[in-house]
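Trainee: Let me give you the structure first, and then I'll get to my questions.
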Amino acid sequence: MRKTYLRKMTIVFASVALGLAIGCSKKPDDAQITKDIQNKVSADPDTKDSQVTVASKDGKVTLTGTAKNAAAQQKLDQIAKTEPGIAGVDDQVAVPPPPPPIVVPAGTDLVVTLGQSLSSKTSQTGQTFIASVAQPIGVGGQPAIPKGARVSGTVVIAKEKGKIKGQGQLALTLRSISFNGQTYQIQTNTLDSTIKGKGKRTAATAGGGAAGGALIGGLAGGGVGAAVGLLVGGGAGFLGGALTGNKQIELRAESALTFSLAAPLTLPPPAQ
């Protein structure tokens, strides 16, 4: 009995040893591993746009190339490491540096078209007004601010001119600009126009730009022969308004005004 038992145990051990030897001698299927990983990379929405090469030798996977961003690089590494039958992963995938933001420098002229009429008589100090960008702005050959972008401004001062005495004044500045679903806070100079005495008027620009320039534009509804539009000076224009019969400053809707950025405006880099 004892000899029979020993003979059976010998056969069992021999079978196990043979199985282990066969298992150890079986090499990983590098071609299949490479194909599987490539297919998974191509199918995954996070990695399909990455320029990556997959190679496998004796089950060790090597990834080379460029991922579109850091998240894609991490996903590539994860896909490779979860592949059955691999012996390891050598991840050599590079991530390109993000593009720099677009910076619109201070002093840039921002030409806008008013979306409503404004007046030293009817407007209120602190009132918000809406305008749109009349001319697109580019930086370094790249588009920065598109034509038609929505602009929000504030009436800094609105003071009615008295019939007998007292000066009339209208001052405007811009606060924000919106386009591509985003709103950005901006700082600009203040366009300021004042009426003193018997129709004497002064104009100034605060926060940047120089006084001076030529008035261009269309007729204002309240004044015969009075023009309102864009005053262009040394870098930034000042506010030009039409005088009404009671010597008020009037800016009609669709009047064009030039403001100057008093601080740089930083925008996201262009979409890749």
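Read-outs throughout are calculated quantities, based only on the coordinates presented, and are distinct from any laboratory measurement. No experiment lies behind these values; they were computed from the predicted model shown. No Cβ is skipped: glycine too gets one built from the backbone with ideal geometry, and neighbour counts run over all protein chains shown.
Trainee: Calculate, for residue 253 and residue 139, the FRET efficiency according to 1/(1 + (r/R0)^6) with r their C-beta to C-beta distance and R0 30 Å; round to the nearest 0.05.
Mentor: 0.50
Trainee: Okay, moving on. Cα-Cα over 25 Å: which of 48/147; 48/81; 57/81; 35/60?
Mentor: Pairs exceeding the cut-off: 48/147.
Trainee: Show which aspartates and glutamates lie in cross-link reach of residue 40 when reach means a straight Cα distance below 12 angstrom and same-chain residues fewer than eight apart are skipped.
Mentor: By straight Cα distance, residue 40 reaches 77, 83.
Trainee: Follow-up. Starting from the Cα of residue 71, step 7 Å along the direction of its Cβ; do the same at residue 55; then give the gap between the two resulting points in nm.
Mentor: With each label placed 7 Å out from Cα toward Cβ, I get 3.1 nm.
Trainee: Let me ask something additional. Compute the FRET efficiency between residue 90 and residue 130 as 1/(1 + (r/R0)^6), taking r as their Cβ-Cβ distance and R0 = 45 Å, and round to the nearest 0.05.
Mentor: So, using R0 = 45 Å, E works out to roughly 0.20.
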